[in-house]
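Student: The structure follows.
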Amino acid sequence: MDEKTLIAKRVALELADGNLVNLGIGLPTLVARYIPAGRHVFFQSENGIIGMSGPIAGAENPDLTDAGGNPISALPGAAAFDSAMSFGLIRGGHLDITVLGGLQVDEEGRLANWMVPGKMVPGMGGAMDLVSGAKRVIVAMQHVAKGESKIVKRCTLPLTSVRRVDLVVTDLAVIEPTDKGLVLKETAPGVTVEQVLASTACELIVPADVPAMAL
Amino acid sequence: MDEKTLIAKRVALELADGNLVNLGIGLPTLVARYIPAGRHVFFQSENGIIGMSGPIAGAENPDLTDAGGNPISALPGAAAFDSAMSFGLIRGGHLDITVLGGLQVDEEGRLANWMVPGKMVPGMGGAMDLVSGAKRVIVAMQHVAKGESKIVKRCTLPLTSVRRVDLVVTDLAVIEPTDKGLVLKETAPGVTVEQVLASTACELIVPADVPAMAL
Amino acid sequence: MKKLIALADAVALIPDGAVLMVGGFMGVGTPPRLIDELVRQGKRDLTLICNDTALPGKGVGKLIGAKAFRRVIASHIGLNPETQRQMIAGETEVELVPQGTLAERVRAAGFGLGGVLTPTGVGTVVEEGKQTVEVDGKVFLLEKPLKADFALINAKRADYYGNLEYALTARNFNPLMAMAAETVIAEAEDIVPVGVIPPDAVATPNVLVDYIVAKERRHG
Amino acid sequence: MKKLIALADAVALIPDGAVLMVGGFMGVGTPPRLIDELVRQGKRDLTLICNDTALPGKGVGKLIGAKAFRRVIASHIGLNPETQRQMIAGETEVELVPQGTLAERVRAAGFGLGGVLTPTGVGTVVEEGKQTVEVDGKVFLLEKPLKADFALINAKRADYYGNLEYALTARNFNPLMAMAAETVIAEAEDIVPVGVIPPDAVATPNVLVDYIVAKERRHG
């Protein structure tokens with residue numbers, strides 16, 4: 001199993017029956033493939049729909065797309081709405097889970113994921129609202145990029161929100177930000193606690209028992 | 001022609017083709033009967049519809065009512081919406097004209113029409129939003145009630161809004177509040193300027209020529 | 001997802017003293033069976049957030065008659081003399097709110113906004129005790145969000161997921177209130193299979209609705 | 001009511017330097033003929049308010065390519081490298097706004113509110129230069145209303161009065177923007193007789209729409 005699949009599978013376990021979930025672009029979109037059997041999850045796309053599903057070849061509709069403008073389909077029971085309603089659902093605390101990619105997460109559990117100063121500036125899109133408003137924020141990202149840990153003492157990149165995220169799932173570990181600091185909850189299969197610590201640029205709280213991810 | 005009919009007919013002349021108009025309960029509702037031929041006016045009811053018309057006997061629908069809960073009908077081209085949208089149309093300046101009853105209008109053109117302290121308190125309903133937000137506010141009322149002029153130097157009753165209303169139509173006169181004061185624009189048929197002045201409890205600006213209402 | 005609930009069980013969830021939002025405008029768009037059952041179960045000390053108190057014997061007017069409320073937040077009580085009598089007698093506390101402000105305060109709670117900046121009420125008795133905020137030289141009242149423990153919603157159609165569709169002027173405050181309460185209980189004229197209500201006709205997405213009151217069994 | 005207007009005449013109403021709101025999300029729900037005609041007429045120095053700048057050659061991306069904008073207010077420009085190039089080269093001024101804030105700012109202008117009190121952006125670079133308001137101990141950014149000279153709206157269906165109906169994710173910012181501009185020009189896939197669109201399906205009432213772009217005559 002490659003690293004992205006591992007992360008997506010682990011995140012998918014967090015999605016409960018009946019949850020309203022918004023998946024960010026990139027890695028987070030993979031999560032939809034691994035919903036445990038018997039759980040019915042409702043996916044929102046912030047451009048204005050709940051109940052999105054993958055495109056149906058030959059039945060694409062130019063008025064039915066995801067937030068990237070790509071064709072999707074609508075499941076029975078889908079609902080469509082305008083952008084104010086879409087973000088009312090997000091900001092108003094009606095979204096159970098958002099899964100977002102990350103550039104950095106710091107010791108206080110704060111996420112930076114929308115710009116790298118001096119490089120291309122894509123804009124924050126819905127990310128700031130999603131992190132400020134969702135009931136649970138899960139960050140899905142590689143633990144290390146270009147030799148640098150993405151889990152840091154303090155974000156050097158601009159923050160997406162000052163709100164503490166709820167869970168960070170990487171290819172090496174599951175980490176839960178708390179008011180005492182970052183707690184190492186699980187390690188990836190075959191990865192030791194020491195390897196996680198060596199790949200992390202800030203302190204982690206390590207409980208006596210750190211199980212491996214049960215995928 | 002009785003006094004209410006006179007007032008309603010005169011107010012109706014203010015309604016232009018294509019206008020969105022909200023008529024308050026009581027006397028203002030009579031205005032709808034006297035729209036000049038060839039003018040197409042859209043009536044809003046603040047409980048959530050544009051394009052309301054009178055009830056059709058035998059075709060009443062419990063989900064289609066005016067702001068008093070009475071049956072209405074919907075004309076072809078009607079639109080229904082929720083209360084936030086209804087007041088967005090009002091507060092956002094999309095309502096061309098609101099016609100409201102009045103208890104008092106003062107020299108600054110301010111309206112009091114929602115409560116009499118010490119008596120029954122009905123609540124302001126939509127009146128405060130209507131007066132604050134409509135492009136034009138027309139007050140339709142008797143000039144004198146129980147021997148007291150309703151046009152006063154300063155409202156003694158609680159204000160509906162500090163916004164200056166645009167026109168006051170009574171059974172005696174048409175009065176336009178301006179930043180210089182209340183200007184007497186027209187008199188009712190058979191009523192003299194002197195009679196209007198005698199029935200008014202504050203100063204009126206009287207132009208050289210004050211025509212009679214052309215009904 | 002087990003959203004269907006018997007009428008009596010739905011109302012039994014509501015404790016005395018709860019804050020209720022009830023959809024409807026002069027009783028139109030107010031869930032009739034939920035109201036009757038609240039009266040039957042003899043609820044007390046409730047707070048009502050509703051556009052108005054309807055007429056005696058109609059919509060929430062039935063609950064006014066049953067003296068179910070300790071407090072009422074509404075824009076208009078003028079057509080229900082009993083509400084006025086209770087207010088003047090000091091039996092029920094009444095807060096009057098301009099109708100457009102009421103709609104936006106409910107929406108602000110449901111949409112995660114800190115409040116509403118409205119020109120409505122500036123310079124009137126409605127301003128008393130409220131913060132004002134100046135934006136580009138213009139003064140606005142800061143009106144606070146209004147939320148509730150329960151929202152009682154009336155829909156034209158519901159599906160089994162809980163998607164709701166409204167009809168004409170029975171829509172009014174219902175979709176706003178369905179966003180602004182901890183627990184949302186919906187009553188619908190008709191309950192249809194999932195997929196019957198087109199996505200564009202769903203005004204309240206299913207994820208907002210906790211319970212749908214089941215239809216009564218018809219005998220004979 | 002003479003709302004039907006030829007495409008070229010509609011676009012000719014828009015002067016260089018105007019502030020435009022354009023509906024759409026990654027080009028979906030953006031009025032295609034109005035965009036093409038704006039490019040054809042070579043408009044300059046416009047300000048764009050739109051969720052994003054789409055892709056090169058798609059939706060408002062065509063106008064980016066034509067260098068029609070002096071200023072862009074959007075939540076996302078990441079999929080249009082030309083917007084980023086113009087921004088970095090100083091050719092186009094870009095203001096980035098969180099998407100939910102953008103929606104509420106447009107709505108606030110259209111709904112007559114003084115601004116938006118949102119938790120989004122507090123403590124981030126988005127807060128810079130903005131007023132904050134504390135409500136019951138919680139801090140919110142005061143985000144100002146956004147209005148425009150023209151809104152260019154894309155609808156699924158229009159009737160001859162100007163009532164508009166939208167479809168699925170092509171709805172997005174369109175109904176909000178139709179409230180927030182001095183002049184509203186709508187393009188629809190289909191224009192139908194008055195009465196064909198049911199009242200509950202009308203998301204933008206006709207009174208908000210100034211012009212409907214007429215269909216092209218088909219020859220042959």
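Student: Suppose each label sits 7 Å from its Cα in the direction of the beta carbon; what would the C:ALA12-D:VAL125 distance come out to in nanometres?
Tutor: It works out to 5.7 nm between the two label points.
Student: So what's the net charge close to A:MET213: Lys and Arg +1, Asp and Glu -1, counting the other residues with Cβ under 15 Å from its Cβ? Let's see the in-between values first.
Tutor: Numbers: positive: A:LYS4, A:LYS9, A:ARG10, A:LYS185; negative: A:ASP2, A:GLU3, A:GLU14, A:ASP171, A:GLU176, A:GLU186, A:ASP209.
Combined, the nearby Lys, Arg, Asp and Glu give -3.
Student: Once every DSSP H run of n ≥ 4 in chain A is given -39500 (n - 2.57) and the sum is divided by its residues, what mean residue ellipticity at 222 nm do you get, rounded to the nearest 500 deg cm²/dmol? Could the numbers behind the result be given before it?
Tutor: Numbers: 4 runs with 32 residues, N = 215.
Theoretical 222 nm ellipticity from helices: -4000 deg cm²/dmol.
Student: Okay, next question. Modelling each spin label as a point 7 Å along the Cα-to-Cβ direction, I'd like the D:LEU4/A:VAL116 distance in nm, to one decimal.
Tutor: Distance between the two pseudo-spin positions: 5.5 nm.
Student: Using the alpha carbons of the protein assembly as shown, what is the convex hull volume per residue in cubic angstrom, as a whole number?
Tutor: Values: hull volume 171.6 nm³, N = 870.
That works out to 197 Å³ per residue.
Student: So for the pair C:ARG71, A:ALA59, with labels modelled 7 Å out along Cα→Cβ, what separation do we get in nm?
Tutor: Between C:ARG71 and A:ALA59, the label points sit 5.1 nm apart.
Student: Follow-up question, since we're still on this one. If you restrict to DSSP beta bridges whose two residues both lie in region B:3-198, what percentage is antiparallel, to the nearest 5?
Tutor: Working: 19 of 34 bridges.
Antiparallel: roughly 55 percent of the beta bridges in region B:3-198.
Student: What nm distances, shortest first, do you get from the label point of D:GLY90 to those in the other copies when the point sits 7 angstrom along Cα to Cβ?
Tutor: Once sorted, the set of distances for D:GLY90 reads 7.3 nm.
Student: Starting from the Cα of B:LYS146, draw a straight line to each of the lysines and keep only those under 22 Å, dropping any in the same chain fewer than 8 residues away.
Tutor: Reachable lysines: B:LYS4, B:LYS119.
Student: Quick one: if the Förster radius is 56 Å, what FRET efficiency do A:TYR34 and B:HIS40 give, using the C-beta to C-beta distance and rounding to 0.05? Kindly include the intermediate steps, with their values, before the conclusion.
Tutor: Numbers: r = 58 Å, r/R0 = 1.03.
The value I calculate is 0.45.
Student: Here's another thing I want to ask about it. How crowded by other chains is B:135-144, given as the mean number of beta carbons from other chains within 10 Å of each beta carbon? Walk me through the numbers on the way to the answer.
Tutor: On the way: counts 0, 0, 0, 0, 0, 0, 0, 0, 0, 0.
For this peptide, the per-residue mean of nearby foreign Cβ atoms is 0.
Student: Follow-up. Within region D:1-103, report the trypsin sites (Lys or Arg not before Pro) that DSSP leaves as loop and that have at most 10 other Cβ atoms within 10 Å.
Tutor: The qualifying sites are D:LYS2.
Student: Also, I was wondering about something else. Give me the inter-chain shielding for D:156-163: mean count of other chain Cβ atoms within 10 Å, whole number please. Before the final figure, lay out each step's value.
Tutor: Details: counts 2, 0, 0, 2, 1, 9, 2, 5.
What the average comes to for D:156-163 is 3.
Student: Could you give me the radius of gyration and the Dmax of region D:26-68, taking only the C-alpha atoms into account and expressing both in angstrom?
Tutor: Using the Cα atoms of region D:26-68, the pair Rg, Dmax is 9.2, 24 Å.
Student: So which aspartates and glutamates can C:LYS43 reach, going by Cα to Cα under 20 Å and dropping same-chain residues fewer than 8 places off?
Tutor: C:ASP9, C:ASP16, C:ASP52, C:GLU82, C:GLU91, C:GLU93, C:ASP149, C:GLU182, C:GLU187
Student: Considering the Cα trace of region B:1-95, what is its radius of gyration and what is Dmax, both in angstroms?
Tutor: When restricted to Cα atoms, region B:1-95 yields Rg and Dmax of 13.4, 39 Å.
Student: To two decimal places, what compactness ratio does region A:114-202 give when its Cα radius of gyration is scaled by 2.2 N^0.38 Å? Mind dumping the intermediate values first?
Tutor: Values: Rg = 13.8 Å, N = 89, 2.2 N^0.38 = 12.1 Å.
Here the answer is 1.14, to two decimals.
Student: What FRET efficiency comes out for the pair A:GLU194/A:ARG164, r = Cβ-Cβ distance, R0 = 30 Å, nearest 0.05?
Tutor: On the way: r = 26 Å, r/R0 = 0.87.
For A:GLU194 and A:ARG164, the calculated efficiency is 0.70.
Student: Ok, one more. Averaged across the residues of B:155-161, what count of C-beta atoms belonging to other chains lies within 10 Å of each residue's C-beta? Don't skip to the end; give the middle numbers.
Tutor: Values: counts 0, 0, 0, 3, 5, 5, 8.
Average per residue, whole number: 3.
Student: Semi-axes of region D:112-206's equivalent ellipsoid from the Cα gyration tensor, sqrt of 5 times each eigenvalue, largest first, rounded to whole Å?
Tutor: Working: eigenvalues 252, 34, 27 Å².
Output for region D:112-206: semi-axes of 36, 13, 12 Å.
Student: Another question about this same structure. With N denoting the number of residues in region B:98-137, provide Rg(C-alpha) divided by 2.2 N^0.38 Å, to two decimal places. Walk me through the intermediate numbers first.
Tutor: Details: Rg = 10.6 Å, N = 40, 2.2 N^0.38 = 8.9 Å.
Here the answer is 1.19, to two decimals.
Student: Lys and Arg at +1, Asp and Glu at -1: add these up for the other residues within a Cβ distance under 14 Å of D:ALA10 and post the number.
Tutor: Working: positive: D:LYS2, D:LYS3, D:ARG33, D:ARG40, D:LYS43, D:LYS215; negative: D:ASP9, D:ASP36, D:GLU37, D:ASP149, D:GLU187, D:ASP210, D:GLU216.
Residues close to D:ALA10 contribute a combined charge of -1.
Student: First check a/c for chain C, with a ≥ b ≥ c the square roots of the eigenvalues of its C-alpha gyration tensor; if it is under 1.5, answer rounded, and if not, answer prolate when a/b is larger than b/c or oblate otherwise. Working shown, then result.
Tutor: On the way: a/c = 2.17, a/b = 1.34, b/c = 1.62.
Verdict is oblate for chain C.
Student: Using only Cα atoms and rounding to the nearest 10 degrees, what angle (0 to 90) does helix B:3-12 make with the longest principal axis of chain B?
Tutor: Approximately 70 degrees, to the nearest ten.
Student: May I pose another question? Once the convex hull of the alpha carbons of region B:35-91 is built, what does its volume come to per residue, in cubic angstrom?
Tutor: 100 Å³
Student: Okay, moving on. Would you calculate the convex hull of the Cα atoms in region B:3-198 and tell me its volume per residue in Å³?
Tutor: Working: hull volume 26.5 nm³, N = 196.
Taking only Cα atoms, region B:3-198 has a hull volume of 135 Å³ per residue.
Student: I need the inter-copy label distances for C:LYS215: point set 7 Å along Cα to C-beta, values in nm with one decimal, smallest first.
Tutor: Ordered by increasing distance: 4.0 nm.
Student: Can you give me the orientation-averaged projected area of the convex hull built on the Cα atoms of region C:13-136, in nm²?
Tutor: On the way: hull surface 34.2 nm².
In nm², the orientation-averaged hull projection of region C:13-136 is 8.6.
Student: Calculate, for A:GLU176 and D:VAL139, the FRET efficiency according to 1/(1 + (r/R0)^6) with r their C-beta to C-beta distance and R0 30 Å; round to the nearest 0.05.
Tutor: 0.70
Student: Debye sum, Cα scatterers, region A:49-136, no solvent: what log₁₀ I/I(0) at q = 0.23 1/Å?
Tutor: The Debye formula, applied to the Cα set alone, gives -1.21.
Student: Just order B:9-16, B:114-121, D:190-197, A:62-69 by mean Cβ neighbour count inside 10 Å, highest at the front, would you?
Tutor: Values: B:9-16: 20.0, B:114-121: 14.6, D:190-197: 16.1, A:62-69: 21.5.
So the order, starting with the most tightly packed, is A:62-69, B:9-16, D:190-197, B:114-121.
Read-outs: derived from the displayed coordinates by stated rules, not from any lab. Given the structure is predicted, the values throughout are model-derived calculations rather than measurements. Glycine also receives a Cβ, built like all others from the backbone with ideal geometry; neighbour counts cover every protein chain displayed.
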